[in-house]
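Worksheet: one structure, shown below.
The values are calculated or read from the model by the stated rules, or taken from the named source; none is laboratory data. No experiment lies behind these values; they were computed from the predicted model shown. Glycine also receives a Cβ, built like all others from the backbone with ideal geometry; neighbour counts cover every protein chain displayed. Quick note on the areas: whole protein, heavy atoms, side chains included, nothing else; ligands and nucleic acids left out. Shrake-Rupley method; radii C 1.70, N 1.55, O 1.52, S 1.80 Å.
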Amino acid sequence: MRTLTAALLSSVLLFGCQMQHEKPTSAQIEVIGMKAKQEADAHAERKLIAWSEQNLPVAQRELAILYQSRPEQRADALKLFEQAARGGDVEAAFQLGEMLRVGVLGVPAAPVAAAPWYALAAQHQHAKAALALGLMVKNGNGVPRDAARAARLLTQAAELGNAHAMFLLSNIYRSGEGVAQDTAKARTWLEEAAEHEYPPALQELAMTVQLGDALSARDERRAGELMKEASEHRRNNWNRF
């Protein structure tokens with residue numbers, strides 16, 4: 001009996017050790033990252049550090065996000081984002097691009113260095129990265145100005161569901177900047193951006209239908225509804241886009 005009990009205890013202890021050494025899932029790491037950031041949980045932060053040292057890209061990214069909020073650790077955040085991006089984490093590549101493009105205290109702005117990381121994330125269908133790179137290319141910020149390439153990147157972002165990109169595309173097709181001018185496509189993307197509750201698109205569409213154009217008759221009632229919706233979304237979702 002004692003032999004059986006000892007054997008069972010050994011099995012339980014062995015199983016417990018195996019569980020401790022199993023790699024956490026990305027979702028589990030992100031939950032711990034949220035806890036470390038939102039609750040300033042020191043135990044959660046230590047877990048992130050330990051997992052980062054095991055070269056888990058998601059943990060490196062979550063620790064970098066935590067360090068971003070601390071001026072004295074932003075240089076570490078930059079290194080962690082790069083490690084995670086090189087390890088295959090697409091969100092880390094985007095975040096690294098953001099940090100380099102904008103620059104923060106302790107990390108000078110370097111749009112030239114940001115562009116390749118945005119491009120890497122965009123290649124993996126990251127909508128915000130495609131939008132950011134598209135704007136850089138459109139404006140010649142850190143990269144050569146190229147209207148056609150900007151339109152392709154913004155199309156990618158729009159097709160991935162980014163409302164800001166949809167709105168920009170509507171303007172691009174209306175003006176024919178980098179694409180063949182096409183008022184019907186311009187209107188389609190404007191309607192799509194409005195459907196995604198993007199306030200500038202709602203406002204512009206409201207003014208368009210209020211006056212009427214070749215694509216639709218004047219519609220005062222719809223214009224009023226769109227303007228009201230734009231105002232509500234600006235107030236309630238000011239930090240969404």
Accessible-area value, ASP41, 1.4 Å probe, nucleic acids and ligands omitted, Å²: 40
Entries of LYS47/LYS128; LYS79/LYS138; LYS37/LYS79 with Cα pairs more than 26 Å apart: LYS47/LYS128; LYS79/LYS138
Estimated distance in nm for a label pair at ASP182 and GLU220, the labels positioned 7 Å out from Cα along Cα-to-Cβ: 3.5
Modelled FRET efficiency - R0 30 Å, ARG149 with LYS79, Cβ distances, 0.05 increments: 0.50
For region 20-109: Kirkwood Rh in Å [reciprocal of mean 1/r, alpha carbons]: 12.8
For region 92-203, convex hull volume per residue from C-alpha positions, Å³: 96
Region 73-229: relative contact order as a whole-number percent, Cα under 8 Å and 6+ apart: 11
Nearest-0.05 FRET efficiency for ILE49 and MET207, computed from C-beta distance (R0 51 Å): 0.45
Residue-span extension gain [GLU39 to VAL112] - 0.36 nm each, minus C-alpha spacing: 22.7 nm
From phi via Karplus (6.51, -1.76, 1.60), per-residue ³J(HN,Hα) for region 138-150 in Hz, x at Gly/Pro: 4, 9, x, 8, x, 9, x, 5, 8, 4, 5, 5, 4
